[in-house]
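Novice: A single structure is presented below for examination.
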């Protein structure tokens, strides 16, 4: 009976019923019985939406930017899903900020689905529930999915596991650029947005970001540990795209673009980084050099919407690069692999916790270790032995 009810819920979601979508995401977040069956059923209907992760320090204006970006997509006739990963409540584990009233430009628009979700104790990180919620929005038929993360430091790198394109927001004059480099955020950003570009110090922040990108692209080890993020804006051969960090000044439309590609410049006065993609570029044949991507820098003033169109075009350029270079498929495989590992770790951990409880609980083992009756390694071997034997028997 339960399985039939869940199948009915999935059918309603696939039919475009917003109420069913909300219920599915609630089940996913609370890990209600049967939620895995739901995710399994909708899996075959995913893979159509483009997913953008937006991260950056608190106060950088992420929520306002997400609001205006969603409005831009709606003006283009596209449907949007927004997941805001909020700080977890220390009491309930739920999102502290709840469904924040921050989508002012999209109030009453049923084609913008907004949901706050708890980071479940991993500030800046994306829980498994968030990744499954993205699948629900994708299967529902949303054209664009935006994930806004908490913005709390090192754990922001988790956004890479779920998003096709990673946008990092920087606030002028706050020292965020240096902090990003320390936290490793520079390595995951595909597009950098200097928001509040009307503030003093915006030009300096843009220049510093360009220099940091330039230094990263000059790092001979970047290709060894950075995946597609170590690639240099889209070009047919390595070295194009203004690797001096200031290429593309005074491009074809007269707007100076930093880090441009083959003479192209920014889309407008807020486009730093140029247009990294030629419209008639075909996917490379076997043996040809793959297109590469140098992170772009875009200036915006989210409160007024200035620069949002340029940002949307740059995001489109990056998605085109991912599709034509084959990186989109590579990233999908990487995400699937990481998800399998995460689920295995989670499930095995639960099995082992039950085994510990069956044997008297962790406190009993800890007491024995402190009393020098045994040691942590011996306890681990003892608890894992049945699982190891079971897996080894399977090999036979």
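The values are calculated or read from the model by the stated rules, or taken from the named source; none is laboratory data. Only a predicted model underlies this, so the values are computations on that prediction, with no experimental measurement involved. No Cβ is skipped: glycine too gets one built from the backbone with ideal geometry, and neighbour counts run over all protein chains shown.
Novice: Restricting attention to region 349-359, does a residue exist that is within 28 Å of residue 51 (Cβ to Cβ) and either surrounded by fewer than 13 Cβ atoms within 10 Å (Cβ to Cβ) or modelled with pLDDT of 95 or more (or both)?
Specialist: Taking every residue of region 349-359 in turn, at least one turns out to be within 28 Å of residue 51 (Cβ to Cβ) and either surrounded by fewer than 13 Cβ atoms within 10 Å (Cβ to Cβ) or modelled with pLDDT of 95 or more (or both).
Novice: Residues that are more than 27 Å from residue 70 (Cα to Cα): list the helices (runs of 4 or more DSSP H) wholly contained in region 296-396 that include at least 2 such residues.
Specialist: Filter on region 296-396 gives 327-358, 362-370, 376-395.
Novice: Also: I'd like to know if region 54-62 contains one or more residues that are modelled with pLDDT under 95, assigned to a loop (DSSP other than H, G, I, E, B) and in contact with a helix residue (DSSP H, G or I) (Cβ under 9 Å, 6 or more places away or on another chain).
Specialist: Within region 54-62, one or more residues are modelled with pLDDT under 95, assigned to a loop (DSSP other than H, G, I, E, B) and in contact with a helix residue (DSSP H, G or I) (Cβ under 9 Å, 6 or more places away or on another chain).
Novice: Another one. Name every residue in region 113-148 that is at negative phi, part of a loop (DSSP other than H, G, I, E, B) and at pLDDT 85 or above, in order of residue number.
Specialist: Listed by number, the residues that qualify are 142, 143.
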